[in-house]
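Every read-out reported here was derived from the displayed coordinates using simple, explicitly stated rules and does not represent laboratory data. In this text, all values refer to a predicted model and were calculated from it rather than measured experimentally. So basically every Cβ, Gly included, is an ideal-geometry build from the backbone, and we count neighbours across all protein chains shown.
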Amino acid sequence: MINRVFLLGNLGRDPEVRSTTSGSAIATFSMATSRRWRDSGGERQEQTEWHNVVCFGRLAEVAGQYLARGRQVFIEGRLQTRSWEDRQTGERRYRTEVVCQKLQMLGPRGDDGAGAPESSYVVVVEDRGPEPDDDDIPF
């Protein structure tokens, strides 16, 4: 069986970085991808999908340090669905996210362009370590 996801898009918000009880970093952020086409009447159409992304370890540290809202990235990873009980309502909640295993930063850094060179560049970071246990994740 194969569980592989490839996404090319832009960050919808700055990464939020937390630490597990053992000190390993976890970063979460949203990412938008868009699909464009012409309908039967020749009008241009666009549909945007939002994805929840989670990075662990060194990838999380790099995401927290270098990624910002608006930044274009290429993500390679796998889909994972978590579930938990809502503390207020007692209902079962579900969240599907992309567990990032490879991250390529493309183009300038974020909306403000802070520290961005004039030309585009690519930085590739790959996760080679194990993920923390579910009991170790602080959310």
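Take region 1-51 and flag every residue that is closer than 15 Å to residue 63 by Cβ, out of contact with any Pro (no Cβ under 6 Å at 6 or more places or on another chain) and polar (S, T, N, Q).
Within region 1-51, the first condition is being closer than 15 Å to residue 63 by Cβ, and the residues that meet it are 7, 9-19, 24-31, 51.
Now drop any that are not out of contact with any Pro (no Cβ under 6 Å at 6 or more places or on another chain), which leaves 7, 9-17, 19, 25-26, 28, 30-31, 51.
Residues satisfying the conditions are 10, 19, 28, 30.
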If you take the residues of region 30-71 that are in contact with a strand residue (DSSP E or B) (Cβ under 9 Å, 6 or more places away or on another chain) and in a loop (DSSP other than H, G, I, E, B), which of them is farthest from residue 16 (Cα to Cα)?
39
Is one or more of the residues making up region 59-67 surrounded by 18 or more Cβ atoms within 10 Å (Cβ to Cβ), out of contact with any Phe, Trp or Tyr (no Cβ under 6 Å at 6 or more places or on another chain) and in contact (Cβ under 8 Å) with a residue 60 or more places away in the chain?
yes
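Scanning region 83-100 for residues that are of a type in the set (Lys, Arg) and farther than 21 Å from residue 13 by Cα, which turns out surrounded by the fewest Cβ atoms within 10 Å (Cβ to Cβ)? Before you say what the answer is, go through the steps one by one.
Of region 83-100, the ones of a type in the set (Lys, Arg) are 87, 92-93, 95.
Filter once more, so that each one left must be farther than 21 Å from residue 13 by Cα: 87, 92-93.
On the way: 87: 6, 92: 9, 93: 10.
That would be 87.
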Hey, any hits in region 18-39 for a residue that's of a type in the set (Lys, Arg), more than 18 Å from residue 126 (Cα to Cα) and either touching a residue at least 60 places away in the same chain (Cβ under 8 Å) or buried (at least 17 other Cβ atoms within 10 Å of the Cβ) (or both)?
yes
